[in-house]
1. Express the Stokes-Einstein translational diffusion coefficient of the chain in µm² s⁻¹, to the nearest whole number, given a Kirkwood radius over alpha-carbon pairs, 10 °C and a viscosity of 1.306 mPa s.
2. Based on a Kirkwood Rh over C-alpha pairs, give the Stokes-Einstein translational diffusion coefficient of region 95-163 at 4 °C and viscosity 1.567 mPa s in µm²/s.
3. In whole angstrom, and with the biggest value first, how far do the Cα coordinates of region 10-86 range along each principal axis?
4. Name the most mobile residue of 80, 60, 157, meaning the one with the largest mean-square fluctuation, in a Gaussian network model of the chain with Cα contacts below 10 Å.
5. Share of the chain's accessible area from carbon and sulfur, percent, 1.4 Å?
6. Running a GNM on the chain with Cα contacts under 10 Å, which residue among 40, 153, 61 ends up with the highest mean-square fluctuation?
7. Rounded to the nearest 0.05, what FRET efficiency do residue 31 and residue 71 give with R0 = 25 Å and r taken as the Cβ-Cβ distance? Could you check?
8. Which of the lysines could a cross-linker bridge to residue 168, judged by Cα under 28 Å and excluding same-chain residues fewer than eight apart?
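The values are calculated or read from the model by the stated rules, or taken from the named source; none is laboratory data. Treat the numbers as computed from the prediction; the structure is a model and nothing was measured. We place every Cβ from the backbone using ideal geometry, glycine too, and count neighbours over all the protein chains shown. Accessible surface is based on the protein model in full, side chains and every heavy atom, while ligands, DNA and RNA are left aside. Shrake-Rupley method; radii C 1.70, N 1.55, O 1.52, S 1.80 Å.
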Amino acid sequence: TGLLWTVLQCVTIFTIVSTGNLPMTVIIVASSLGIVGGIVGRNFAAPRYAMIQVILIEASVKLSIALEYPDFWAVLLAQSIMFIVASFAIVRQQRSMAQRAIKAEIVSRNQATTDPLTGLLNRRGLERAIEENVFNECHHFVFYLDLDGFKGVNDRSGHLAGDLLLQKVAERLLLSAGSDAANCRLGGDEF
């Protein structure tokens with residue numbers, strides 16, 4: 001339907017410009033520029049589709065003006081080339097921005113459910129894992145692990161040693177419980 005709408009716009013542009021009515025030609029050309037700007041801004045995630053629409057509208061404007069005012073062929077050709085190059089650049093930039101935003105959203109979601117030190121689920125990640133598996137017909141078991149004397153490790157050997165100990169515990173949990181388990185660091189020294 002978008003391409004059908006574009007073709008309808010092209011026919012309208014061609015019809016108005018071919019009447020030779022200069023004020024209406026100026027209005028339709030200005031409207032076409034607005035339409036093209038909207039297409040480029042709205043369809044950045046589908047650049048090929050956007051460019052097809054843009055090229056069709058631009059071609060109808062340029063062709064109809066060139067037929068009505070043949071002295072402007074060279075100017076229209078040069079302007080068309082510059083316009084298409086600029087439109088490609090804008091669409092490419094917008095697509096890149098959208099891709100970066102999507103990747104950042106994925107990273108943000110991962111960070112919201114994962115403990116940065118151990119790579120295990122955090123409390124929110126565990127809650128989500130439980131919610132996702134509630135209707136599963138598997139039996140669930142909960143093993144709770146609290147490291148006794150962990151504060152002493154931090155006090156005697158420093159936080160780097162404590163962090164290393166937490167990472168080693170996480171590695172061993174992953175090895176013993178496997179990847180099917182919802183391994184989680186609830187906080188501090190609780191797994």
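1. Numbers: Rh = 22.1 Å.
Rounded, D is 72 µm²/s.
2. Values: Rh = 15.3 Å.
Estimated diffusion coefficient is 84 µm²/s.
3. For region 10-86, the Cα extents along the three principal axes come out at 37, 23, 16 Å.
4. Per the Cα network of the chain with a 10 Å cutoff, 157 tops the list.
5. Working: 8410 of 13110 Å².
After summing per-atom areas, the C and S share lands at 64 percent.
6. Residue with maximal mean-square fluctuation among 40, 153, 61: 153.
7. On the way: r = 24 Å, r/R0 = 0.95.
Approximately 0.60, to the nearest 0.05.
8. 151
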